[in-house]
Every structure is written in structure tokens, then in C-alpha cells.
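Encoded as C-alpha cells, the structure appears first; notes follow it.
The values are calculated or read from the model by the stated rules, or taken from the named source; none is laboratory data. Please read all numbers here as calculations on a predicted model, not as lab measurements. Note: ideal-geometry Cβ built from the backbone for every residue, glycine included; neighbour counts use all protein chains shown.
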Amino acid sequence: MKKIIINVLLIVFTAVLVFSGYRLYSIFSEYRRGREQYRKTSEQFMREREDTGEGSGAGGGEEIERAPIEIDFDSLLKENPDVAGWIYCPDTVVNYPVMHGKDNELYLHHMVNKEYNFAGCIFEDCDNSPGQIDPATILYGHSMNDGSMFAMIHEYTKQEYYDKHPTMWYLTPRQNYRLNLVAGFVATDNDPVYSLFQTRQEMQAYLKDALEKSTFKSDKQYYLETVDRIIVLSTCAYEFNNARYILIAVPIPIG
């Protein structure tokens, strides 16, 4: 009887081990497929620019700031018309297309080619208007265990990380923006920012509070009444149940 029990336990332990190994293999394979897909997308539609600092303005010789990368939106939109833009942060993994779906579910777990992948896409809130005209535009992204997608934005809990990465770039078919990062903090999943705000005054009051509780101090100073819109990056955090890390940027239109 004892021998039978031992054999049964061995079979159960072996089955658990095999299943666990299969699950780990599946997870790592999905991570790898996601990274490979975004690498291919980047190689196909993105290129680095050389003329990022100066250009010729209408008056001749005028300096024009340009983004450090360039996106072939004409071709990218043919691949998927839901493309809203491209988010880029130098010297980090953030180099992704941004989607805008009819809801906030599709791109939660589907890539730019609409193939299922747990990493999903970076995507704008479906209730945002096109063109970053709302008081707040929210970009969502997973905090993946392999460090991909928006996992890095939780690093802005450290002042030294902000000091190395104070700026991101958001390129869209209509306009390119330098994103001056001004505040970041851990919040609940029902934080007021997710309402997108009805007025600029509501957004400005929220921004004032965000600056006061930010986990880093920005070197960018603004008169709050002059900020007419913000772009918000949102990802999961783990300080408490349903926590989020919210990173707030003031978008500056550039060439």
C-alpha cells in the first residue's frame, strides 16, 4: 500500500513538473514572439534621424527642433488604420507604435498586427479624441516581467532615473511632440485622471496636485495656467491591490 501511494505521488509530482515547465515555456515563448514582432515593426517603419537639432525655418536659418526618429506613418497605417502614433524614449525599450481602438480591450492583448499576445500594445484611451486635443490623453501599457512595454515607467519612482530620462517623444501622423515629463506617482485604478477631465481648469488643478506628490522633481517649470493639455502614461504598479503608476508629460509641438 505504501509503495502504491509513493508511486501515485511520483506521478502527481511529475505531472505538476511537466505542466509547470510547459507553462513557463509558453510564457517565455510569448514574450519572445512579442519582442520579435515589435523589433520587426521598428525596423520596417522607424528610422533614426541625423538632423534632430537644426533645420531651416520659414525665415531661413531658423532652428527647428525635430524628433530623434522618423516614422513612415503612410505605410504603417496601411498595415493597421488604428495606429495613432509612436512613443519613443531614448536608451530604453520604449519604442512602440500606439494604437487607438474602438474599446480598451482589443489592444490590451493584441499586437499591432492584431495577433494575440499577452503583452498587447501601447494604446490610447478609446474615449480620447484624435489629435491630442483633450485636456488629458492617456496611453496605457502593460508592465511586463521581461521589462518590455511600459515596465520601465515605474522606474520614475527614483529621482536618478528621471534625471537620466527627463524626456520622451510622441510622434503622430498630424504632429510630433517632445514630452517633458513633469510628475509621476503611484495611484489607484480610479484616479481622477482616468475621467480625462471635462475642462482644462480641472486638468490644471489635478496637475498642481500631481506636481506636489510626484516621486521625482522635474527640472521643467511651468505656469499651470499656460498648460492646456497633458499626456499621461499609465501602467500597473504593485505597491497595493490595483495600483497604477502614472507618469505625466506636457507635450511640446515640434517639427
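Mind listing just one residue for me: the one in the stretch 221-255 that is polar (S, T, N, Q) and in contact with a strand residue (DSSP E or B) (Cβ under 8 Å, 6 or more places away or on another chain) and, of those, surrounded by the fewest Cβ atoms within 10 Å (Cβ to Cβ)?
Among those that are polar (S, T, N, Q) and in contact with a strand residue (DSSP E or B) (Cβ under 8 Å, 6 or more places away or on another chain), it is Asn242.
Which number in (1) outside any loop (DSSP other than H, G, I, E, B); (2) out of contact with any Cys (no Cβ under 7 Å at 6 or more places or on another chain) marks the one condition that Tyr107 misses?
The failed condition is (2).
Provide a single number: the residues in the stretch 156-202 that are assigned to a helix (DSSP H, G or I), in contact (Cβ under 8 Å) with a residue 12 or more places away in the chain and under 16 Å from Ile230 (Cβ atoms).
Qualifying residue count for the region: 6.
Results for (1) modelled with pLDDT of 95 or more; (2) among the hydrophobic types (A, V, I, L, M, F, W, C); (3) at positive phi, shown as yes or no for each residue.
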position	(1), (2), (3)
Ser214	yes, no, no
Ser218	no, no, no
Ile246	yes, yes, no
Ala249	yes, yes, no
Gly255	no, no, no
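So Phe118 fits all but one of (1) in contact (Cβ under 8 Å) with a residue 40 or more places away in the chain; (2) in a loop (DSSP other than H, G, I, E, B); (3) in contact with a Phe, Trp or Tyr (Cβ under 6 Å, 6 or more places away or on another chain); what number is the exception?
(3)
For the stretch 152-171, which residues satisfy the criterion of being in contact with a strand residue (DSSP E or B) (Cβ under 7 Å, 6 or more places away or on another chain) and either of a type in the set (Phe, Trp, Tyr) or surrounded by fewer than 20 Cβ atoms within 10 Å (Cβ to Cβ) (or both)?
Tyr156, Tyr162, Pro166, Thr167, Trp169, Tyr170
Restricting attention to the stretch 205-219, and to residues there that are touching a residue at least 40 places away in the same chain (Cβ under 8 Å) and in contact with a Ser or Thr (Cβ under 9 Å, 6 or more places away or on another chain), which single residue is surrounded by the most Cβ atoms within 10 Å (Cβ to Cβ)?
Taking the candidates together, the pick is Phe216.
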